[in-house]
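Here is the structure we will look at, set down as structure tokens.
The values are calculated or read from the model by the stated rules, or taken from the named source; none is laboratory data. Bear in mind that the values here come from a model prediction, so they are computed numbers and not experimental data. FYI the Cβ positions are ideal-geometry reconstructions off the backbone, even for glycines, and counts take in every protein chain you see.
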Amino acid sequence: MKNDEKIDIILNDDKTEEELNREEVINQNYQTAQRYINIAEYMRQYEEQDKYYHRAIQTLEKCNEDHRFDKEIEELNYKKFAVRTNGKITLYKEACKIRDKAKSPQDYYSAQAVFRRIAKYEPNHTIQEKWVSPELYQEALKCSDSAKQADLCEKMAVAREKADKRQSLYASVALIVVILALVVFSRTTMARRVLAYAYETVGIHTGAWQKYNAVYRRTGEKEAYLKYLENRYKAAKHALDEGDLDMAYDDFAAVSRPEKGFGYDRGYEDSCLQFSRLEQQRIKESPAEEVVHFAGMDWRILERQDDRVLLIKDESLGSIPFDEAGKHSSWADSSVRKWLNNTFLTENFSQEETDLILDTEVVTEKNTYFPGVDPGETTTDKLFLMSIGEEQQYYDLLHETETCWWLRTPGAHEGSMAFVYRDKEVMPYGYEVSNTEITVKPLIWLSLN
């Protein structure tokens, strides 16, 4: 059942027309008409107002044989057609306004929907000239092309959709061109300079040093490299303050050993000190047999004693004779001892790292297999080689190697030194000290204070 029918039922009384006399029927219809009028005045859409005024007129006409309601019916007709005409004109102007201000296809479709609403209502609800003023009737005639306007709005919407697609395509092409241009520009040295300066200005030192480093690698400019050092040092300090020890470690490692020729052979600012502290901290937290990094090299932890740790070079250094002259079979007089504690130490360890390496009293015992050879005097060294006894003591912590490596214990005769074979087994009879195929694996005692 429709809502209109429900309203009609509500408006009727319980009695049928046969049970009422003529005056009661007339009075009932009059009251019903008044209710329709009240409903019409509360409606917002002009079509609904039109409908309920029309129903009020029909209800009064049913009981107007004696023409007692002619005046009311005439007034209602004026109201009905005034509502119909004004509603149509107002809605038409609203649709025109939407159309004229349209910026998108959806706007045109909205206008089209309003025009179609008018066009759909018009055929069965014409405007009669006698019930409206001449001025209002003439204005209504100007709004009689709603169907045509609806079709026009649809065409305009389709045209705008096509235009928007073209514009979107052009914008996409333009964006792609800009992106490609930026990509090409970003790969140029000038772009890297600009980005480096921008990063540096806002305090993003990691981005800055990466760009300055890229500029230096391309151009070799000293200024770019100095800027790289400055910003990487600042990035390291920031990482340290933020507790990012891994990043701080990597950055301090880089600036503690800058390239030669830039005036920072002993590291940039206090980077060597900061880096050695981080190295020390890492080693302090690592268990025995763990491979740790120190002075740019890998070392294996052999033992901990309170505030110090014993490290052995994890990979052998190059093939080095124990004694270049081929005369000495004692650690104290060997050329390898002098090389390790002078040239190798100076070239590979910063002063701060050198300070962490403890001076060790190195005692060399006799070869228990060949005790007749003098092992030499006790020495004090920072770097030293392992003895036969120490190799046996730390045997389980050592690993097999690709080369043989020297011990500091004498061999079977003068001019020979014991060594360790690739499978970790000691060769106590030794080999000539001048041999250049055997490698070196130095040890250090490192302070953890």
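Could you identify the single residue in Ala288, Ala325, Ala332, Ala295 that is within 16 Å of Ser447 (Cβ to Cβ) and either in contact (Cβ under 8 Å) with a residue 40 or more places away in the chain or in the same structural domain as Ser387 (by TED's automatic domain parsing) (or both)? It is Ala295.
Has the stretch 261-269 got any residue that is surrounded by 20 or more Cβ atoms within 10 Å (Cβ to Cβ) and either in contact (Cβ under 8 Å) with a residue 60 or more places away in the chain or part of a helix (DSSP H, G or I) (or both)? Checked against the condition, which is being surrounded by 20 or more Cβ atoms within 10 Å (Cβ to Cβ) and either in contact (Cβ under 8 Å) with a residue 60 or more places away in the chain or part of a helix (DSSP H, G or I) (or both), the stretch 261-269 yields at least one hit. Quick check, is Tyr137 of a type outside the set (A, V, I, L, M) and more than 45 Å from the chain's Cα centre (by Cα)? It is true that Tyr137 is of a type outside the set (A, V, I, L, M) and more than 45 Å from the chain's Cα centre (by Cα).
Every residue, every condition in (1) touching a His at 6+ places or on another chain (Cβ under 6 Å); (2) assigned to a helix (DSSP H, G or I); (3) over 22 Å from Leu141 (Cα atoms), yes or no:
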| site | (1), (2), (3) |
| --- | --- |
| Ala40 | no, yes, yes |
| Gln49 | no, yes, no |
| Asn64 | no, no, yes |
| Lys88 | no, yes, no |
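Checked against the criterion of being assigned by TED's automatic domain parsing to the domain that holds Tyr264, of a type in the set (Lys, Arg) and modelled with pLDDT under 90, the candidates Arg232, Arg193, Arg217 yield just one match: Arg193.
Among the residues making up the stretch 82-97, a single one is in contact with a Phe, Trp or Tyr (Cβ under 8 Å, 6 or more places away or on another chain) and either aromatic (Phe, Trp, Tyr) or without any contact (Cβ under 8 Å) to a residue 24 or more places away in the chain (or both): Tyr92.
Among the candidates Arg35, Arg22, Arg44, single out the residue that is assigned by TED's automatic domain parsing to the domain that holds Val114, at pLDDT 85 or above and surrounded by fewer than 13 Cβ atoms within 10 Å (Cβ to Cβ).
Selected residue: Arg44, the only one of Arg35, Arg22, Arg44 that is assigned by TED's automatic domain parsing to the domain that holds Val114, at pLDDT 85 or above and surrounded by fewer than 13 Cβ atoms within 10 Å (Cβ to Cβ).
Need pairs with beta-carbon distance below 7 Å; first residue at pLDDT below 95 and within the stretch 425-449, second in a strand (DSSP E or B) and among the β-branched types (Val, Ile, Thr); sequence gap 6+ or separate chains. As it stands, the answer is Leu448/Val309, since those pairs meet every condition given.
Every condition in (1) assigned by TED's automatic domain parsing to the domain that holds His54; (2) touching a residue at least 12 places away in the same chain (Cβ under 8 Å) is met by Asp100 except one, and the failing one is (2). Look through the stretch 333-357, keep the residues that are buried (at least 19 other Cβ atoms within 10 Å of the Cβ) and among the charged types (D, E, K, R), and return whichever of them is nearest to Asp323 (Cα to Cα). Only one residue fits best here, namely Arg337.
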